[in-house]
Amino acid sequence: MKIAFATSEAVPFAKTGGLADVCGALPLALGDLGEEVVVVMPKYTSVPHSGVVLRTLNADYDYVRVSENVTFYFVKADMFLRKGFYGDENGDYPDNLRRFSFFCKKTLSLFKTINFYPEVIHCHEWQACLIPLFIHAFGRDYFPEKIKRPHTLLTIHNLAYQGIFPQDQMFETGLDSTYFSVSGLEFFNQINLLKGGILYSDSINTVSPTYSEQIQTEEFGCGLDGVLRQKSEHICGIINGVDYKLWNPQGDTHLVKNYSINNMEDKLVNKLKLQEALRLDVGEDLPLLGFVGRLVEQKGVDLIAKSLLELCREGVEAVILGTGDKKYEAQLKDVAKQYPKQVSFNCDFNDKLAHQIYAGSDIFLMPSRFEPCGIGQLISFKYGTIPVCFKTGGLADTVFDYDSKIQDGNGFVFTMYTEGAFILAVEKAIELFSNKKEEWNALMKKIMRLNFSWKKSAMTYSEFYKELKHLGYVI
Ligand code: ADP
């Protein structure tokens, strides 16, 4: 089938989070299954630094064929050539509606230019949400007569980001005012791109089954649960995969020493070197907790910071890597200052250190308040680093509480969102780490064998696209 991805990020060209991991890896996995995939994204300043050489198609697009069946196209415009993708230290760019309207229009015009008419346009996040509306309003401009209108699938990677703009910017979309209504983009007198995308796309999926249910409730719906319930029968959840070419301790070039199930002692070498490099007390028996992620409310950073004060008194060590809200950065700096030999806070976006943390830690922390899928816990499985998670979204679908009696489960899970419950789960993990070494080692090996490859997810998407294809219609 012919599939087009419209995304604002993809590894290795631009990344702020999991969206980039998905849009970098899923197209390749689909290509391996025989799907023909075109990925369209903006050409940011970061793109030429990816190490991948691009070719010029024309004044509007660059491109690169990354595999037999997969080609990436980059929309060129000065408005994408900025320090950040969506904003800088002063906040979101005020012209983001103009930037991503332009991106959506250029994505649609590409198909005629390269004579590639997708059967499904797979739109990701609010940045691509105007595509189904533009097809509705101007479909004929993009798809000649007799071409079947493509089916639009919207993937919501995180409902908390909706693309909200003042009503007086509506002209930037080029859509007439009828699209600014309760059954369109209007949301409390503002433009809400995600809402428009939900209502105008043919199908919707989220990145885990549990999250697809949760977003239809008031608690997790971020104000859009009512809109989502209207489309309930068109919503499903497909769990993300991990790119094991990038995330595999056996061949990971960022590690001090590679390891696998057959030489777990080399995982320990990574731990000792990490402790040393970050000037923590060095010792194989000191339980080392790791965290890699955006420092935002969603990720439970305050819970980590507060709990660490107690856990450090019990002799635990922690390596934290992340950037985000200033208040969390300050909170973590403070904990690291109080326990300089036990807590290393690295306020940075650093891929190499991320790999070393997944490998060198004993336990990976993921106490997210909500989590659409979460990649951190899946990566930590592969590195034999036992995750401690809150039971929510994709974490609930992938991490199951370990029961020592029957040696069942693959991590440690807490179900009440309190500091006490989180600390108890970490302590339970540490108890096993410190006092039941054989069981701990068996658990490490067990999680390293789990398979969350993209191949599996891509097969599910491929089947899903086939179902959608039959639902398309001629404009
Ligand atoms: P989200 O998409 O909500 O940010 P995910 O768990 O789905 O969360 O994906 C986060 C991805 O970004 C992971 O690959 C993680 O390792 C990476 N990451 C997050 N913060 C950093 C950082 N500061 N440095 C390096 N990698 C990071």
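Out of the residues in region 285-310 that are assigned to a helix (DSSP H, G or I) and touching a Ser or Thr at 6+ places or on another chain (Cβ under 9 Å), which is farthest from the ligand (Cβ to nearest atom)?
Step by step, filter region 285-310, then rank; the result is Leu303.
Could you run through region 212-255 and say how many residues are in contact with a Lys or Arg (Cβ under 9 Å, 6 or more places away or on another chain) and among the acidic types (Asp, Glu)?
Summing the residues that are in contact with a Lys or Arg (Cβ under 9 Å, 6 or more places away or on another chain) and among the acidic types (Asp, Glu) in region 212-255 gives 0.
Listed residues Thr155, Thr178; which is of a type in the set (S, T, N, Q), surrounded by fewer than 14 Cβ atoms within 10 Å (Cβ to Cβ) and not in a loop (DSSP other than H, G, I, E, B)?
Answer to the selection: Thr178.
So that you can scan it fast, the table gives a plain yes or no per residue for (1) near the ligand (Cβ under 9 Å from one of its atoms); (2) not aliphatic (A, V, I, L, M):
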{"site": "Tyr339", "(1), (2)": "no, yes"}
{"site": "Ser344", "(1), (2)": "no, yes"}
{"site": "Leu353", "(1), (2)": "yes, no"}
{"site": "Gln356", "(1), (2)": "no, yes"}
{"site": "Ala359", "(1), (2)": "no, no"}
{"site": "Ser368", "(1), (2)": "yes, yes"}
{"site": "Ile375", "(1), (2)": "yes, no"}
{"site": "Pro387", "(1), (2)": "no, yes"}
{"site": "Gly393", "(1), (2)": "no, yes"}
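Any idea which residue in region 20-47 is farthest from the ligand (Cβ to nearest atom), counting only those that are on the phi < 0 side of the Ramachandran plot and out of contact with any strand residue (DSSP E or B) (no Cβ under 7 Å at 6 or more places or on another chain)?
Leu33
Among all residue pairs at least 6 apart or on different chains, which show Cβ distances below 7 Å where the first residue, located in region 291-316, is of a type in the set (S, T, N, Q) and the second is not in a helix (DSSP H, G or I)?
Taking only residues 6 or more apart or on different chains, the pairs are Gln298/Ala160; Gln298/Ser368; Gln298/Arg369; Gln298/Phe370.
With respect to the numbered conditions (1) more than 24 Å from the chain's Cα centre (by Cα); (2) modelled with pLDDT under 95, which one is the sole condition not fulfilled by Leu272?
(2)
Mind checking which residues of region 1-19 are buried (at least 19 other Cβ atoms within 10 Å of the Cβ), out of contact with any strand residue (DSSP E or B) (no Cβ under 6 Å at 6 or more places or on another chain) and of a type outside the set (A, V, I, L, M, F, W, C)?
Ser8, Glu9, Lys15, Gly18
Identify all residues within region 242-294 that are in contact with a Gly (Cβ under 7 Å, 6 or more places away or on another chain), among the basic types (Lys, Arg) and closer than 21 Å to Gly18 by Cα; write none if there are none.
Passing the criteria: only Arg294.
For Gln190, work out the one condition from (1) surrounded by fewer than 19 Cβ atoms within 10 Å (Cβ to Cβ); (2) modelled with pLDDT of 95 or more; (3) closer than 29 Å to Tyr465 by Cα it doesn't fulfil.
All conditions pass for Gln190, except number (3).
Within 16 Å of the ligand (Cβ to nearest atom) and among the acidic types (Asp, Glu) - does that describe any residue in region 4-19?
yes
Within the set of pairs 6+ apart or on separate chains, which have a first residue in region 75-95 that is in contact (Cβ under 8 Å) with a residue 24 or more places away in the chain and closer than 16 Å to Gly324 by Cβ, a second that is charged (D, E, K, R) and surrounded by 14 or more Cβ atoms within 10 Å (Cβ to Cβ), and C-beta atoms under 7 Å apart?
Pairs found: Phe85/Glu9.
So, in region 311-321, how many residues would count as being in a helix (DSSP H, G or I) and surrounded by 15 or more Cβ atoms within 10 Å (Cβ to Cβ)?
2
Pick out the one residue from Ala137, Ala160 that is within 16 Å of the ligand (Cβ to nearest atom) and either touching a residue at least 40 places away in the same chain (Cβ under 8 Å) or more than 30 Å from Ser208 (Cβ to Cβ) (or both).
The conditions single out Ala160.
Of everything in region 202-227, what is touching a residue at least 40 places away in the same chain (Cβ under 8 Å), buried (at least 19 other Cβ atoms within 10 Å of the Cβ) and assigned to a helix (DSSP H, G or I)? Give them in sequence order.
Within region 202-227, Thr210, Tyr211, Gln214 meet the criteria.
Do we have any residue at all in region 367-387 that's crowded, with 23+ Cβ neighbours inside 10 Å and among the charged types (D, E, K, R)?
Yes, that holds for at least one residue.
The values are calculated or read from the model by the stated rules, or taken from the named source; none is laboratory data. Remember, predicted model here, so these are calculated numbers, not experimental data. Note that each Cβ is placed from the backbone with ideal geometry, even for glycine, and that neighbours are counted across all protein chains shown.
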